[in-house]
């Protein structure tokens, strides 16, 4: 019985469905041409027609009493389960779910949300402005997917949103004869197994991919005939496999995090090269830039020179550290690798920007969200080098049991769709990698937010003074101000400057995140000042308090340009939601990190807005090339390790 169950479950749990491989060369140009405007116009037109048909059905459904609506929902569910809904049945199903949402959640989906729901059904990435109701669209789309009887996973930006959205949407799913569950970092094995058995699961990409790899290890052991601690069905976390995925903030999940590998690891046997790494860090402090090594700050690379290599070889500390356990690092190549890691940790990894130290550990800060990632580490020994730099005990070495990139994980889903407020900048990459077209949905109310031209300053200090002056000026008018920063360190420095000027404010960053929900909820109140890293830019709505609209609404200030312009646009989207007033502006200084790394020779000419735009475009191209390189490496690994051993 268990063998038969294994044969039935294995293809589901380890689905090998993959969207077509990313094209190269002329094939890439042809693929982009296929996904260009004419195709997108067809998607948009079909979505509008389907939404219009659903809207027509709703007029009749509004007159049904609750028992009649329940009966109609049951009929639609049976039709979807048999895959016999067809276009008329799909439009009616959309209308039924929208009516159920109105009666259970108190939210009546407007026409633009029905268009977005049609996009979820068609498998596109829908661009919806901030505050347009993406959570409701995801919940309604999850019902339609869940009715088909296959696993449906709704992905959010973090654990808090996964739990919040699941609990909020649960009454709708219950009304539609479905069950809802969530999986977050604190969920134990039993809770995970129970959640994945439900009709719809809210979770994050990190948790789902990790559970997928854990199941892969179980199935690998079963296929090799190893004894399992329980029957196979009870050993798997995700027995329903991967079928449908709805991704909120799709550009962040699929592009920014898409090439990040998720690795299941365990303690490594053999010698530890910690003493060699510590000796290398001491030696790196004595090396001189330009003489011993060269630095490419744009690519964040370090290259040793011949004098630098000679200095390493002549240093007895690194050649002799570790005694009997020196085998792993005593070779010349390993010594140079350790020194380069120490230099990279010293030159490029900045405390308060790239990481924070919590409870004696180095914790990575996500550059796109501003949130801490306590379960992640940098690869290839860089994390240990940063720990040594901070004077902490380095973690023991680990060995990889299984790995998969998020990009590859999401390509395993047979139905993939998503939503984002800033998808169009990533449209080409979403299409070429995931075959996921981007379609923009208009706002329900006209957008009246004003975006001011960038303001330029000769130095970061001058820029900081100007930001403080504007915040004080707006606060005296009773207008709320949200100031976005790129790092924890920058938010703390700006907070100190505001405090010195007597400007009342709250700070939201990776260190001060315990009251995130309260701070965001109050950020739109009259005269409120808020300094936040990128964590305030996704997954949350800032509602205007009483009397704020006449003052001009929320004022958003981006204190530094981001390497991805859509991150700045996401921050700007905090203002002017659902037709409310608001304005946004970007402050730039000549010594901002973006300009130092990517402006190149243009930093020598007069500082203009064009300089900022050119640096941003160059940064985006560099990031896209880096992601493409990681994807090529991932494809190469998949070909080289065709067996399931080191991957999944």
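Bear in mind these aren't lab numbers, they're just calculated from the coordinates by the rules spelled out. What you see is a predicted model; the values in this text were computed from it and never measured. A quick note on method: Cβ atoms are made from the backbone with ideal geometry, for glycine too, and the neighbour counts reach across all protein chains shown.
Shape of segment 274-398 from its Cα gyration tensor (a ≥ b ≥ c, root eigenvalues): rounded if a/c is under 1.5, otherwise prolate when a/b > b/c, or oblate? It would help to have the intermediate numbers written out before the result.
Numbers: a/c = 2.39, a/b = 1.39, b/c = 1.72.
Here segment 274-398 falls in the oblate category.
Using 0.36 nm per residue of separation minus the Cα-Cα distance, give me the extension gain between residue 295 and residue 332 in nm, one decimal.
Values: separation 37, 0.36 × 37 = 13.32 nm, distance 2.08 nm.
Stretched fully, the residue 295-residue 332 segment lengthens by 11.2 nm.
Segment residue 633..residue 447, full-extension length gain: 62.7 nm, with 0.36 nm per residue of separation and the alpha-carbon distance subtracted. Compactness check for segment 422-518: Cα Rg over 2.2 N^0.38 Å is 1.46.
What is the fewest-to-most order of 593, 568, 634, 66 by other Cβ atoms lying within 10 Å of their Cβ?
Ranking 593, 568, 634, 66 by Cβ neighbours within 10 Å, fewest first, gives 66, 634, 593, 568.
Directionally averaged projected area (segment 450-616, Cα convex hull): 9.0 nm². When the alpha-carbon atoms of segment 118-240 are used, the pair Rg, Dmax equals 15.7, 52 angstrom.
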